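Report on one structure; see the data block that follows.
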Amino acid sequence: MTELLDDAGIEVEQGEPVILRRQLRVSGEGLGSKATVNDQPVSVTLLRDLAGALVEVHGQHDDRGLVNPSGHRMLLDRFANADLAGVSAAWRTSQAAREALDVARERVAAAREDRDLVLAHLEELTALAPQDDEEQGLALARADMQKGERLSGDLEELRHLWGGSDSALASLRSAARRLDRIASEHPLLAEALAALDRAVIEASEAEDRIEKAAEALTHDPMELDRIETRLFDLRAVARKHRCEVADLPEMARSLRARLDAIEGGEEELAGLEAAATDAQERYIGLATALQKARVAAAGRLDKAVAAELDPLKLGDARFRTAIADLPPERWGPHGMDSVEFLIATNPGADFAPLAKIASGGELSRFILALKVALAEQGGAASLIFDEIDRGVGGAVASAIGERLSRLADGGQVLVVTHSPQVAARGASHYMIAKTSEGLVTRTSVSLLDDAERRQEIARMLSGAEVTDEARAQADRLLEGV
């Protein structure tokens, strides 16, 4: 119950009562209801689950509790003090390991499909060996070479004008030599010589610059072809990968990392497979131990129930706790086997589920026998039995009353009964009565004192007219408790 409250976000202090309430109201819009736990609104489903953990109801046509096979395994585990928590934890670990392995397998399978393509791209880029900022350098070199081709004719003409015997520079130099011979004859000639020398120097520098430019712009045609081919290859691969040429080096590094990840993923897969196998083997080991504990506990439970059957007038009946292996796909946190309580009510009859073979009275007594056998291991805090003594009397009713009294030692037991032998066993006695006034029927529940209880048990013994003999018998029943 604590887990249910925690999941619902309802805090209850240690020792504080838990009050479940459901209010039904009728209005012009129909029937409505409101469910609360300690005055906090909750769903009806939660209220029902909490009530099931607190109160167990057994009636003539009960289809819950011990009749429902879904609860048999839990009851047997409680009886066996089984380590279900360890099995549940191992199951969760095994499932987590299996899920991690499945995810890794899908990832590696997808990576394997891409591996050939990644490898082909990587080999292509490795062979191309693109360098950082390579495109810019190649483009500049190609532009210079193309410029040299375009200017080569003009440069050749300039070199011819400056370098020939009849070139302007040769004429300047010849004139300077002649002027040098007569420059001393007049100051103006000296100035003219100085100017002419400067012109020769400037012209020489121009010639030198033209020569250097011609050398710089001169190129090997094969080198231009190599550069253009390189640029074409780089740009073609970049278009193929839908990126810039400058991104190719990083793409090569990325593909290498991706290939390493694929190879590393396969190594990781081997580790996950080993972990999943170890987790599965641990789960199977614990679940096998749990199964053995269940088998041992089932034998003890069968004997304990058998000891209760004869006093309840079910001496010919047999009880068996059936434990069956489950297929692997149905394994879970509860283990690898199913548990179901079976009965055979007549000698030679086959065993069958409780709900399918027992009559109403037999079913109630079987449930009582089971509850007594399981009582030491606890259960719901409150048990309600509705006419569990129907169809029996005398010693059987007395045996039922005695067993109900034993159950009450470990919890609260409420019994709706018409049997004086059962009623006499109760610690308290309430009388339920119905009265009708016109179209209105009211049900009342009243606690009887000792005298009223004696009178009511006597009435249950004798019928409408209570006799002194019935009162005396009631006294003997009450004194015998």
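Listed values, structure above:
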{"read-out": "Residue in region 96-110 that is surrounded by 15 or more Cβ atoms within 10 Å (Cβ to Cβ) and of a type in the set (K, R) present", "value": "yes"}
{"read-out": "Tally of residues being out of contact with any Ser or Thr (no Cβ under 9 Å at 6 or more places or on another chain), touching a residue at least 12 places away in the same chain (Cβ under 8 Å) and in a helix (DSSP H, G or I) across region 238-254", "value": "5"}
{"read-out": "Single residue of region 307-346 satisfying the filter (without any contact (Cβ under 8 Å) to a residue 12 or more places away in the chain and under 43 Å from the mean Cα position of the chain (by Cα)) that is surrounded by the most Cβ atoms within 10 Å (Cβ to Cβ)", "value": "R330"}
{"read-out": "Meets criteria (touching a residue at least 40 places away in the same chain (Cβ under 8 Å), of a type in the set (A, V, I, L, M, F, W, C), over 30 Å from V87 (Cα atoms) and in a helix (DSSP H, G or I)) for L272", "value": "no"}
{"read-out": "Given (1) in contact (Cβ under 8 Å) with a residue 12 or more places away in the chain; (2) surrounded by 10 or more Cβ atoms within 10 Å (Cβ to Cβ), number of the condition V445 does not satisfy", "value": "(2)"}
{"read-out": "Where P353 falls short, out of the listed (1) surrounded by fewer than 22 Cβ atoms within 10 Å (Cβ to Cβ); (2) at pLDDT 75 or above; (3) out of contact with any strand residue (DSSP E or B) (no Cβ under 8 Å at 6 or more places or on another chain)", "value": "(3)"}
{"read-out": "Yes/no for T288 being under 21 Å from N81 (Cβ atoms), of a type in the set (S, T, Y) and in contact with a strand residue (DSSP E or B) (Cβ under 8 Å, 6 or more places away or on another chain)", "value": "no"}
{"read-out": "Test for A238: is it at pLDDT 85 or above and under 30 Å from R330 (Cα atoms)", "value": "no"}
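The rows are residues; the columns are (1) among the aromatic types (F, W, Y); (2) at pLDDT 85 or above; (3) under 24 Å from the mean Cα position of the chain (by Cα); (4) part of a helix (DSSP H, G or I).
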{"position": "D62", "(1), (2), (3), (4)": "no, no, no, no"}
{"position": "D77", "(1), (2), (3), (4)": "no, yes, no, yes"}
{"position": "S88", "(1), (2), (3), (4)": "no, yes, yes, yes"}
{"position": "W91", "(1), (2), (3), (4)": "yes, yes, yes, yes"}
{"position": "S94", "(1), (2), (3), (4)": "no, yes, yes, yes"}
{"position": "A97", "(1), (2), (3), (4)": "no, yes, yes, yes"}
{"position": "A104", "(1), (2), (3), (4)": "no, no, yes, yes"}
{"position": "R107", "(1), (2), (3), (4)": "no, no, yes, yes"}
{"position": "A111", "(1), (2), (3), (4)": "no, no, no, yes"}
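The values are calculated or read from the model by the stated rules, or taken from the named source; none is laboratory data. Remember, it's a predicted structure, so these values are computed and weren't measured experimentally. Glycine gets a Cβ as well: all are built from the backbone with ideal geometry, and neighbour counts include every protein chain shown.
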